[in-house]
Structures are given as C-alpha cells and as structure tokens.
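Written below as structure tokens is the structure these notes are about.
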Amino acid sequence: MRILITAGPTREYIDDVRFLSNASSGRMGYALASSAAERGHHVVLVTGPVDLRPPAGCEVHQIETTDQLRQACLQLFPACDGVIATAAVCDYRPRQRTSGKMTKTGQPVVLELVETSDVLAELGSQKTHQWIVGFALESQDPRNNAMRKLRMKRCDFIVLNDTSAISSATNSVEVLNPDAETIAQFQGLKEEVADQLMTLIDNTLPSSAK
C-alpha cells in the first residue's frame with residue numbers, strides 16, 4: 001500500500017521570528033512511518049519541524065505551517081491508499097502576520113487569532129477508495145470528542161490518547177470505530193504501539209475501506 005503519514009507540529013508565525021506551536025515531538029508519526037516501511041509499504045511522510053531523522057525508505061515532504069501541510073496532503077492524498085494523521089496541527093494562527101521582528105514597547109500586545117484549516121476533514125470530504133485513521137488527543141470528554149472528530153473527518157478509525165503522550169516516549173491509546181466500539185487498546189513505547197496499530201491496519205482496513 002501507499003500510505004500518507006503526517007507527523008510533528010505545525011507553526012503559525014506572529015512575525016518573522018516568533019510563532020505559535022505545540023510540544024509535539026513527532027515520535028508517534030515517525031514510529032508509524034518506520035513500522036509501515038519495514039512491512040514493505042510505500043510511506044509518504046509529511047512532517048513538521050522535529051528533531052528526528054526520517055525512517056529509511058520513506059518519501060519525505062518537509063512542511064512548517066498548517067497551510068503548507070494542507071497543500072502537501074491535498075496534492076499527495078489522491079495517489080495514496082490511506083492516511084494516518086498524527087500531525088499536531090496548530091489550531092489557530094494570527095489574523096495578521098507582522099513583517100520583520102516586532103519591537104518591545106512596554107505595552108501589552110493583543111493578538112487576534114483565527115482557526116487554521118481542518119486538513120483531515122478536507123481529506124475526508126475528498127476520499128474515494130482510501131481509508132483514514134485519525135488521532136484525537138483529548139483531555140475533556142474524550143470519547144465523545146473523539147467520535148465527533150471521527151464522524152466530521154470521515155475516519156475509519158480514530159486513535160484516542162491524552163495529553164500525557166506529548167513529548168513522551170510512551171503512549172496509551174484506544175482505537176474506536178464508527179460504531180463507537182473500542183476495537184483495540186495498546187500501551188507501551190511509541191514504537192511498540194505503532195507496530196500494533198500497523199498490524200491492526202494491515203489486517204482490517206485495506207479490505208473494509210474499499
């Protein structure tokens with residue numbers, strides 16, 4: 001299979017040197033990319049800025065902003081069999097970006113933030129034969145929020161985890177299907193969880209999504 005995997009954070013710039021982002025390490029996405037490549041899949045890795053070396057054998061596309069992520073995914077997705085979306089997208093961006101570097105004035109600075117694009121929802125609206133696996137990192141009402149995301153983004157599975165996964169070597173996940181059933185639970189090192197998730201995908205999605 002040809003699998004699109006998104007990983008790492010995105011950045012939204014306030015000026016030319018300052019940006020909004022999050023603490024995603026990209027480790028979960030890179031572990032999935034490594035596991036998929038080792039199984040013989042063609043992995044298309046779209047990655048935000050992380051301190052990780054891309055796994056061997058992957059087709060790598062470097063991005064920084066959410067709009068760059070969107071553009072890359074919209075271009076690459078039609079030729080893929082499925083997508084695993086682990087990227088920690090920055091949900092907000094400044095309405096206006098200041099050119100150059102803002103100078104301190106001693107006065108408060110007010111930023112007006114607007115939502116960034118929902119990349120996975122856009123992919124979901126365009127999917128034909130492809131399958132979609134989304135990730136939901138939730139801290140409040142986790143199952144309901146995860147199921148809302150699954151339906152809105154037309155996911156075949158949603159992988160639910162919590163904020164303890166951020167920048168951690170380990171993860172604990174619950175995999176939900178469109179019927180809100182828990183079909184799997186995995187925990188351990190992110191590399192171990194990734195391998196278990198890839199086994200689930202290999203055994204389930206190629207036939208069920210078509």
Based on DSSP H runs of at least 4 residues, each adding -39500 (n - 2.57), what is the mean residue ellipticity at 222 nm of the chain after dividing by all its residues, to the nearest 500 deg cm²/dmol? -9000 deg cm²/dmol
Return the single residue from SER24, SER34, SER167 with maximal mean-square fluctuation; model: Gaussian network over the chain, springs between Cα atoms under 10 Å. SER167
What residues of the stretch 81-104 lie in the reach of a label at ASP15, counting those whose backbone N is under 20 Å from a point 7 Å from the Cα along Cα→Cβ? 93-104
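Using DSSP, restrict attention to beta bridges with both residues in the chain and report what percent are antiparallel, rounded to the nearest 5.
40
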For the stretch 23-126, what is the relative contact order in percent, using Cα pairs closer than 8 Å and at least 6 residues apart in sequence? 24
When the chain is modelled as a GNM with alpha-carbon springs shorter than 10 Å, which of ARG95, ARG151, ARG70 fluctuates the most? ARG95
Considering only the other residues whose Cβ falls under 9 Å of the Cβ of ASN161, what net charge follows from Lys and Arg at +1 and Asp and Glu at -1? -3
Test of understanding: what is the full-extension gain from LEU52 to THR98, defined as 0.36 nm times their sequence separation minus their Cα-Cα distance? 13.6 nm
Return the single residue from GLY57, GLY134, GLY26 with maximal mean-square fluctuation; model: Gaussian network over the chain, springs between Cα atoms under 10 Å. GLY57
Quarter of the surface of the C-alpha convex hull for the stretch 88-199, i.e. direction-averaged projected area in nm², equals 10.2
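Of the DSSP beta bridges with both residues in the stretch 1-86, give the percent that are antiparallel, rounding to the nearest 5.
Values: 2 of 16 bridges.
Counting only bridges with both partners in the stretch 1-86, antiparallel ones make up about 10 percent.
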Mind counting lysine pairs for me in the chain? Cα separation below 25 Å, and the two need to be 8 or more apart along the chain or on different chains. 7
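Bear in mind these aren't lab numbers, they're just calculated from the coordinates by the rules spelled out. Because the structure is predicted, anything quoted here is derived from the model rather than measured. When we count neighbours, we look across all protein chains shown, and the Cβ atoms used for this are built from the backbone with ideal geometry, even at glycine.
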